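The values are calculated or read from the model by the stated rules, or taken from the named source; none is laboratory data. Everything numeric here is computed off the predicted structure, so don't read it as measured data. Backbone-built Cβ (ideal geometry, glycine too); neighbour counts: all protein chains shown.
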Amino acid sequence: MNNGKHNPGMNGKCTLVGAGPGDPELLTLKALKAIQRATVLFVDDLVSDEIVAFAAPGARIVHVGKRGGCKSTPQAFIEKLMVMAAREGENVVRLKGGDPFIFGRGGEEVEHLRAAGLEVEIVNGITAGLAAVTSLGVPLTHREHAHGVVFVTGHAKPGDAGTDWPALAATAHSARLTLVIYMGVSGAGRIQTELLTGLPAATPVAVIQNASLPTQRHITTTLGALAGAIEAGGLASPSIIVVGDVIASLALAAAHPASVRAA
Ligand code: SAH
């Protein structure tokens, strides 16, 4: 447990910790222990307050997300703060939503921290794309419907051409892959149009918002109706879009609501 002391004069340690999709019960034991040991925590937006509450009473909590309508802290500045804290001998935890190495810019942070000569450890978390479908009782792979799964971002780095959706659609169709799209809600119209070049309009889709949290909600639709269904359902970020035949059983159940339990 944290005894409130750190190691001045010695480099502390940095641990990138995956906080999972939101439900504190989905934290790993390793993540919990790292959070409890930390003397300073740099916390992303998507990390729930219940998880931050596991930190030791004397630990310093630094929120670096956009919460409360403030602009998010620039990545370079977060990295600088982490290096400074570690050099002061703090036990630094960087708490990130889901898994730190799935679209969390964890890779960039690790490179920066290691280049600064710091020891870095990474603790996996359950990524939102996995939790989202599981919460609906649907698998990402299935011997009959999907031979694999692709985690893909709907939001490219500024200046980057981003995902080649037509190529991905063609591959997903021929190789029978489930597509799990992060950060896709605001660009859903474009994603829909481009995926339709290689996937049938009837391909089942689910959109899950706030997966694993009490505020979770979802819709089921088809690729041909995706953008309209998101708008009609009022779904917003953070949401996961899942495209593929594994969703078929869910879409069927939604069409016959008597047979579904409310999610
Ligand atoms: N590292 C994170 C992803 C960060 S990118 C992970 O592994 O889950 C942020 C995106 O993740 C959001 O735009 C959304 O697409 C997705 N996301 C994160 N938490 C979510 C949640 N509880 N429910 C649905 N989507 C979520």
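Annotations for the structure displayed:
- For V152, the test of being within 16 Å of the ligand (Cβ to nearest atom), hydrophobic (A, V, I, L, M, F, W, C) and part of a strand (DSSP E or B) is passed.
- Condition check for G129: buried (at least 22 other Cβ atoms within 10 Å of the Cβ) and among the small types (G, A, S): yes
- Residue that is farthest from the ligand (Cβ to nearest atom) [pool: residues in the stretch 233-254 that are in a helix (DSSP H, G or I) and free of Cβ contacts under 8 Å to residues at least 60 places away in the same chain]: L252
- Scanning the stretch 155-183 for residues that are within 16 Å of I247 (Cα to Cα) and either surrounded by fewer than 19 Cβ atoms within 10 Å (Cβ to Cβ) or outside the structural domain of H142 (by TED's automatic domain parsing) (or both) yields a count of 2.
- Within the stretch 150-166, the set of residues being β-branched (V, I, T) and closer than 15 Å to R105 by Cα comprises V152, T153.
- Among the criteria (1) surrounded by fewer than 20 Cβ atoms within 10 Å (Cβ to Cβ); (2) in contact with a Gly (Cβ under 8 Å, 6 or more places away or on another chain); (3) not in a strand (DSSP E or B), the one G107 does not fulfil is (2).
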